[in-house]
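Worksheet: one structure, shown below.
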Amino acid sequence: MSKKIKCPECKGKGEIPCPIDYDEHPHPANCPGCAGDRHVRVECPRCDGTGKVDAN
């Protein structure tokens, strides 16, 4: 079993802000990731929501 470290993408939390890029504009209500709510968090794609990734 490989050693696990804290995910650098989500800093071990397992979730991140909506990853869809709208430049400097706020996300629209029809955004598929957050529906325009800046407080919504989505599962981190790098660690699949676990907060840990392989060290290697």
- Item | Estimated FRET transfer efficiency (Tyr22, Arg46; beta-carbon r; R0 22 Å; 0.05) | 0.60
- Which of the cysteines found in the chain have nothing to pair with, since no other Cys Cβ lies under 4.7 Å from theirs? Cys31
- Would you compute the Debye intensity of the chain from its alpha-carbon atoms alone, equal scatterers and no solvent, and pass along log10 I(q)/I(0) at q = 0.21, 0.27, 0.29, 0.30 Å⁻¹ to two decimals? -0.74, -0.97, -1.05, -1.09
- Note on the structure: Partner aspartates and glutamates whose C-alpha sits under 17 Å from that of Lys6, ignoring same-chain residues fewer than 8 away, are Glu15, Glu43, Asp48, Asp54
- Percentage relative contact order, the chain, counting C-alpha pairs under 8 Å, at least six apart: 50
- Query: Dipole size in debye (nearest 20) for the chain around its Cα centre, Lys and Arg Cβ +1, Asp and Glu Cβ -1?
  - Reply: 460
- Note on the structure: Of the accessible area of the chain, computed with a 1.4 Å probe and all protein chains kept, carbon and sulfur make up a percent value of 48
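The values are calculated or read from the model by the stated rules, or taken from the named source; none is laboratory data. Just so it is clear, the model here is predicted, and its values are computed rather than measured. Every residue, glycine as well, gets a Cβ built from its backbone with ideal geometry; the counts of neighbours run over all protein chains shown. These area figures cover heavy atoms from the full protein model, side chains too; ligands, DNA and RNA do not enter into them. Shrake-Rupley method; radii C 1.70, N 1.55, O 1.52, S 1.80 Å.
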